[in-house]
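Structure first, then comments.
The values are calculated or read from the model by the stated rules, or taken from the named source; none is laboratory data. What you see is a predicted model, and the numbers here were worked out from it, not measured in a lab. Reconstructed Cβ throughout: ideal geometry from the backbone, glycine too, with neighbour counts over all protein chains shown.
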Amino acid sequence: MSTGQSEEGKAQTVDMKLEVVVVPVADVDRAKQFYAQLGWRLDVDIAKDDKFRVVHFTPPGSHCSVLFGTGVTSQEPGTAKGLHLIVSDVVAARAALIERDVAVSEVFHDIGGVFHHADEEGRVSGPHPDRATYASFAAFNDPDGNEWVFQEVTTRFPGRVDSHQTTFSSPIELAGALRRAAAAHGEHEKLTGKHDENWPDWYAEYIVREQGQS
């Protein structure tokens, strides 16, 4: 009889991929219009009857989607808080939503570290002084008051990603990695005092090391 354990005696695990987050809203059509305004992809809008409707959106580059509708949750509308959207450049992400006429807070950082404060008392205006990874934010709400937070992440904490894989979810994310590699390579050439003919290899090694460092 199987015990659910591996040969090493440790319990086996099964991949568990978070793919949908339910957001409670009061007016489905209003919410649909807002999330479309963000530029998110509409995947599904299915109504069984007047008591059940499911609307499904996916943010650009995300493997996790957002679901709302009628008869899908008992949560009070507007009670979803601190839903994090990870971006490589929080200033650019904020500017993109402003261009879409979406109200977004100023960019801020946490006075006590790298984590987002639910209240505004712990916030300091502007990006983190060192532009540290995980440390700069901007926030916005949907029409019901559900809160979304941009968090700038450029380098993952140890163990957060598979060090044997290098992937990018969008051209924007890859472009950000290339810019950081270019800046680092510029410093490298200053130290060596000569042009590096093998800069493509240097870029590739830098990007792989940055994303998969442990």
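Annotations
- Residue list for region 185-214, restricted to those being in contact (Cβ under 8 Å) with a residue 12 or more places away in the chain and aliphatic (A, V, I, L, M): Ile207, Val208
- Residues in region 35-82 that are surrounded by 15 or more Cβ atoms within 10 Å (Cβ to Cβ) and part of a strand (DSSP E or B): Arg53, Val54, Val55, His56, Phe57, Thr58, Ser65, Val66, Leu67, Phe68, Gly69, Thr70.
- Sole exception among (1) at pLDDT 95 or above; (2) of a type in the set (Gly, Ala, Ser); (3) over 21 Å from the mean Cα position of the chain (by Cα) for Gly9, by number: (1)
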